[in-house]
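Enquirer: The following block contains the structure, expressed as structure tokens.
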Amino acid sequence: MSVRLENDVSRPEQFSKTNKIALRGDGEDGKDGVNGPAGEDGSASDDNIHAKDGQSGTEPEKGQDGEDVTLTLETVSKSAQKMILVRATTPNRGVIWDEMYSMDAVPTVRWSSNGGDGGEGSSGGNGGNGANGIDGSDAMPPDIEGSDGGPGGNGGKGGAGTNGADGGNGGHITVQVKEKDLYLLMTVDPCRVRQNLLLGGHGGKAGEHGTGGKAGNAGNGGKPLTILVGEGKKKKLTISGGNEGNRGADGVTPPWDLHNGADGRIGSFKIEVVDKPDESYPGIYDISFENLHLEGTSPMANPSDCEFGDIISIRNIKIKNKGQMPIPKNQEIHFSIKDDEHPNVNPLIARKDAFLPSGTICGEGESAVSEGELRFFSGFPGEVDDDYDFDALTQKATLRIQAFQYGPIEIDGKVRNSEFKREFHNFHSSTEENVLILSYAIGSEAPLTAKENGAVINLRYPIENSDGIKALRSLSPGEETLMSFNLENVGAQPLGGYDVDSIQSPRRLALRCFYLRSRKYDLPVDYVHFCTNHTDDQEGKEIDLSSNPVLIDVPKIAPGNTHDCKNRFSLGRETPLYSRMALIVDVFIQSLPVPKGIKVSMENYDEDDRMPPMSIVQRRKIEFICEPKFEEKEGSKIVLVTSLSTTRAQFETWTKFVLTETLNLEYEVFFDFEVWNTYPYIDPRKWENYLRCIQE
């Protein structure tokens, strides 16, 4: 059994680091059996023709059982300071660890008591091979007969192998704690992580029997001999040879089967509440996230949406006890927002807290709801790719809640604190999908799925333009078009119609229109006339696009409604043909109050200092081109067809040089021509309403 002290770097930085005590009571592995040596072969020269038997292997050792341990955790008072006693004892060696720690430095105790693996079985030695029999002598004259061959030696028996030894059993861990100290169970790893801590050892592999030796071959008999005998006419005489000897017997291989050792049994874990003799549990409590409520100062129509720059309150965090015992009723579980998940989730400490209070009854499989609240600042959107035309700004943010077991509570004003803190690391892990309920002050609710990595929140503003700017983009000199710009209130409160002198006024909503200055656009702004037409008192109010942009207030829009911002845009009669310009329309909304401690640089778009700061929501761009109106000319033989892509240089090249000077010089005659622009005729129905307004 060994003891190791190591740093625990998995703790959150905002809490003091703790140490780990790694206690090992693992049983030792059993020794393997020793293989038996092989038998010697028989030898005819030594008159020992029979082989020796292979020897049997030795038995392996069983794996040792994991050591039993009793771990005691207790809060004690020492010199008017609360300390934590950690004591570990075993039946054989008594007390092996006995230390006291301050509340903020209680180590995490990790105990493993796995059974040792069983030793591997041995293999028996192979039997030796029997010697071959000696050949008999051949027949010899005059009358000596051949001798018989010698017998072959017997093969040796194979030695017996052994079975694999059984693995040791896992140990038994008992944690003893008083009811008031149940929170200290969070310091014991086996309470939360049972894998590879109390396993039985693996059974050893079986050995193999030795193979019986081969029998020796029989010796050959002596060869017969035929000779001629007598005088005169000789006769053949055959002297007989010897007989072949007997073959030896093969050695025997042990006939029984060998088997692997059995795996050891898994150990046990038990929590005993020492001052409640009838209470014991097979594992600790553990909690998982189920749902919560979000409440923002700016409610949205879709409850899964939050507004940029809002202060969001988190209330009613619902948890489920997925452990094997009730949560400690004498201590509190506190919650916090993990602040490194997303730049738009900025926790606000501001003396706010969410917790399960002491006295909460939450047994195995039951749920409980927190008290108090957490708050975060939803931040502002990042930069957009297209500075001149972009949809309403939206982003997704991940909200992840952390849960901590607290020890004895100290109250400082409204803040509840504890020197002892341990995190529930699997708070967002669940086999079921967690449901995040987003609820605002108006009482609307809707579920939003939140998987293991946290809940996804949609960040946006409560106003948007979904279909861009509608207007005739091709105008002839002196022509006017109606410019329509729809705004939809996707929030849950009225917007627009701002009154600086009214406390009850809805949030301000405004448009900012300005001329885009660029080399691409050569239509002089002096030829442009732009009039707003939002309300009756602003009918025909002309906006000077050559000066600094000003904000144009939008009238009140009820939740879920759309307002059509109508303006009139016209070109002067002296506007150069095929000159171009771009008009930018920005959507602004009154910024929400910024919480203390967060600095935000905001631009003032009004000369009136009484006006509130504004945030840009969306930007739209529309391009206008000045083209001649089609006029049918008597006797014209040429029609110049143009489109929105025709440039001023191209038009002047054709009209001044190709169709005028070149043709006149070559044919000495003037060719009148007509100009036909295709843009208004691509889909006449699309512009019917705009043309009707112009005609009126």
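Enquirer: Given a cut-off of 25 Å, name the pairs among K520/K621; K520/K637; K78/K338; K470/K637 whose C-alpha atoms lie farther apart than that in the structure shown.
Expert: K520/K637; K78/K338; K470/K637
Enquirer: With a 10 Å radius around each residue's Cβ, average the other Cβ atoms per peptide and rank 88-96, 373-381, highest first.
Expert: Result, highest mean first: 373-381, 88-96.
Enquirer: Same structure, new question: Using 0.36 nm times the number of residues separating E480 and M100, minus their current alpha carbon distance, what extension gain do you get?
Expert: Length gained between E480 and M100: 128.1 nm.
Enquirer: Now for a separate question. For K82, list the lysines whose Cα falls under 19 Å from its own Cα; do not include residues on the same chain fewer than 8 positions away.
Expert: K82 reaches K17, K178, K180, K421.
Enquirer: Sorted by average packing, counted as other Cβ atoms within 10 angstrom per residue and highest first, what order do 571-582, 545-556 take?
Expert: Highest mean packing first, the order is 571-582, 545-556.
Enquirer: In the full protein assembly as shown, how much of H334 is accessible to a 1.4 Å probe, in Å² to the nearest 10?
Expert: Approximately 0 Å² for this residue.
Enquirer: Right, here's the next one. Compute the Cα gyration tensor for the stretch 209-303, then decide on rounded, prolate or oblate, letting a ≥ b ≥ c be the square roots of its eigenvalues: rounded whenever a/c is under 1.5, prolate when a/b is larger than b/c in the other cases, and oblate in all that remain.
Expert: oblate
Enquirer: What is the dipole size for the stretch 92-158, taken about its Cα centre, with +1 at each Lys and Arg Cβ and -1 at each Asp and Glu Cβ, in debye to the nearest 20?
Expert: Roughly 560 debye, rounded to the nearest 20.
Enquirer: Any chance you could run the full-extension gain for D387 through S79? It's 0.36 nm times the residue separation minus the Cα-Cα distance, nm to one decimal.
Expert: 104.2 nm
Enquirer: Between E28 and K637, what is the spin-label point distance in nm, taking each point 7 Å from the Cα along the Cα→C-beta axis?
Expert: 11.7 nm
Enquirer: At a Förster distance of 25 Å, what's the computed FRET efficiency of S280 paired with E366, Cβ-Cβ distance as r, to 0.05?
Expert: 0.85
Enquirer: Here's something else I'd like to know. Going by average Cβ neighbours within 10 Å, how do the peptides 488-500, 172-184, 198-210 rank, with the highest at the top?
Expert: Sorting 488-500, 172-184, 198-210 by mean packing, highest first, produces 198-210, 172-184, 488-500.
Enquirer: Still on this structure: List the trypsin sites (Lys or Arg not before Pro) within the stretch 208-252 that fall in a DSSP loop (any state other than H, G, I, E or B) and whose Cβ has at most 12 other Cβ atoms within 10 Å.
Expert: Sparse-neighbourhood loop trypsin sites (Lys or Arg not before Pro): K233, K234.
Enquirer: Give me the distance in nm between label points sitting 7 Å out from Cα along the Cα-to-Cβ direction at K233 and K396, one decimal.
Expert: It works out to 12.4 nm between the two label points.
Enquirer: Stretch K541-E40 to full length: gain in nm at 0.36 nm per residue minus the Cα-Cα span?
Expert: Computed gain between K541 and E40 is 168.3 nm.
Enquirer: Still on this structure, please answer the following. Pop out the ³J(HN,Hα) list for the stretch 304-316 in order, Karplus 6.51 cos²θ - 1.76 cosθ + 1.60 with θ = phi - 60°, rounded to Hz; leave Gly and Pro as x.
Expert: Rounded to whole hertz, the list is 7, 9, 10, 8, 4, x, 8, 9, 9, 9, 10, 9, 6.
The values are calculated or read from the model by the stated rules, or taken from the named source; none is laboratory data. Worth saying up front: this structure is predicted, and the values here are computed from it rather than measured. Here Cβ is always computed from backbone atoms with ideal geometry, including for glycine, and neighbour counts include all displayed protein chains. Accessible surface areas use protein heavy atoms only, side chains included; no ligands, DNA or RNA. Shrake-Rupley method; radii C 1.70, N 1.55, O 1.52, S 1.80 Å.
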